[in-house]
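Read through the structure below, which is laid out as structure tokens, and then see the notes.
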Amino acid sequence: MEDYRTVRGTATGEYEEKKSRFIAQISFADSEEAAVAFLEQVRAANRTARHNVYAYRLRAGNRERYSDDGEPAKTAGTPALEVLQHSGLTDLIVVVTRYFGGVLLGAGGLVRAYSHGAKLAVDAAGILNMQPCTVLELTMDYSLYGKITYILPRYETVVEDSDFGAAVRLRILMKDEHLPRFAKDLEELTSAQVFPHVLEKRYAHIAP
């Protein structure tokens, strides 16, 4: 499992070219269902627009899709996709909406317009570095709770859930790179009374 980069949430870029208004919206999407849902959301909000051009890249299957949505072939969706490719980002979709202003841009003008719109959206987006992580469950006596929570920040962990019953149960998210050291330190700290139980593996962004 390798790191990858994507966008945080959604972002928008907008500009005007020869009276045509271009609104580019970008969103995190880690599946075709998520990408299509965002596309339909943008279409629904821009029903009077002449074109809703889109491009998306998915990590799963290295899948890429685009549509010129009525613009001449390879003048809209292709340049938008190329912007995403050059950015190195994946698991995202960009939709560039065009409100036609009455002036034809020509093939070259359209390529430049849709490229520029997509780039504005990419530049406006917050970028996340997604890393392979593991969700762990720790079960401990109350006497060990303070010691364990004190050392957790050393391993860039996120406590996702906690339960205080007969014993304390913590659900934590941790970068895979820290797992071996954490397991060793936990064993020493608790005299082998607490062991990390792996619940799932997933990609996540954990801020340092």
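Only the coordinates and a few stated rules stand behind these numbers; no lab work does. This one's a predicted model, so the numbers in the text were calculated from it and none came from an experiment. Here the Cβ positions follow ideal geometry from the backbone for every residue, glycine too, while neighbour counts run over all protein chains shown.
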Around residue 49, with a cut-off of 10 angstrom between Cβ atoms, what is the net charge of the other residues, counting Lys and Arg +1 and Asp and Glu -1?
+4
The alpha-carbon center of the stretch 60-94 and that of the stretch 140-203 are separated, in whole Å, by 42
Point-charge dipole on Cβ atoms (K/R +1, D/E -1) for the chain, about Cα centre, debye to 20:
820
Computed log₁₀ I(q)/I(0) - Debye formula, equal Cα scatterers, no solvent, the stretch 122-200, q 0.11 Å⁻¹:
-0.31
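Is the C-alpha gyration tensor of the stretch 1-43 telling us rounded, prolate or oblate? Criteria: a/c under 1.5 is rounded; beyond that, a/b larger than b/c is prolate, otherwise oblate. Present the calculation step by step, with values, prior to reporting the outcome.
On the way: a/c = 3.60, a/b = 1.80, b/c = 2.00.
Oblate is the answer for the stretch 1-43, as a/c is 1.5 or above yet b/c matches or exceeds a/b.
Under unit Cβ charges (Lys, Arg +1; Asp, Glu -1), what dipole magnitude, rounded to 20 debye, does the stretch 1-120 have relative to its Cα centre? All intermediate terms of the calculation are to be shown ahead of the outcome.
On the way: 16 positive and 15 negative charges, 89 e Å.
Here the stretch 1-120 has a charge dipole of around 420 debye.
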Backbone N within the stretch 150-164 under 14 Å of label point (7 Å from residue 199 Cα along the Cβ vector):
158-164
Please give the helix 77-87 orientation as an angle from the longest Cα principal axis of the chain, in degrees from 0 to 90, rounded to the nearest 10.
40
With a sphere of radius 11 Å drawn around the Cβ of residue 78, what net charge do the other residues whose Cβ falls strictly inside it have (Lys, Arg +1; Asp, Glu -1)?
-3
Which value results when the Cα radius of gyration for the stretch 80-163 is divided by 2.2 N^0.38 Å?
1.97
Where the Cα atoms of the stretch 7-152 are projected onto their three principal axes, how long is each span, largest first, in whole Å?
74, 27, 25
Spacing of the two label points (7 Å from each Cα toward its C-beta) at residue 33 and residue 47, in nm
2.6
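Give the peptides 159-172, 24-37 in descending order of average Cβ contacts within 10 Å, highest first.
Values: 159-172: 14.0, 24-37: 19.9.
In decreasing order of mean packing, 159-172, 24-37 become 24-37, 159-172.
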In terms of the alpha carbon gyration tensor, root eigenvalues a ≥ b ≥ c, rounded if a/c is under 1.5 and otherwise prolate when a/b exceeds b/c or oblate, the stretch 23-90 is oblate
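Could you compute the FRET efficiency for residue 188 and residue 162, with r as their C-beta to C-beta distance and R0 at 30 Å, rounded to 0.05? It would help to have the intermediate numbers written out before the result.
Values: r = 23 Å, r/R0 = 0.76.
Once rounded, the FRET efficiency stands at 0.85.
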Entries in 18/74; 74/119; 147/201 that, when Cα-Cα distance is taken, lie over 23 Å:
147/201
Any idea what the dipole of the stretch 120-208 comes to, in debye rounded to 20, about its Cα centre with Lys/Arg Cβ at +1 and Asp/Glu Cβ at -1?
80
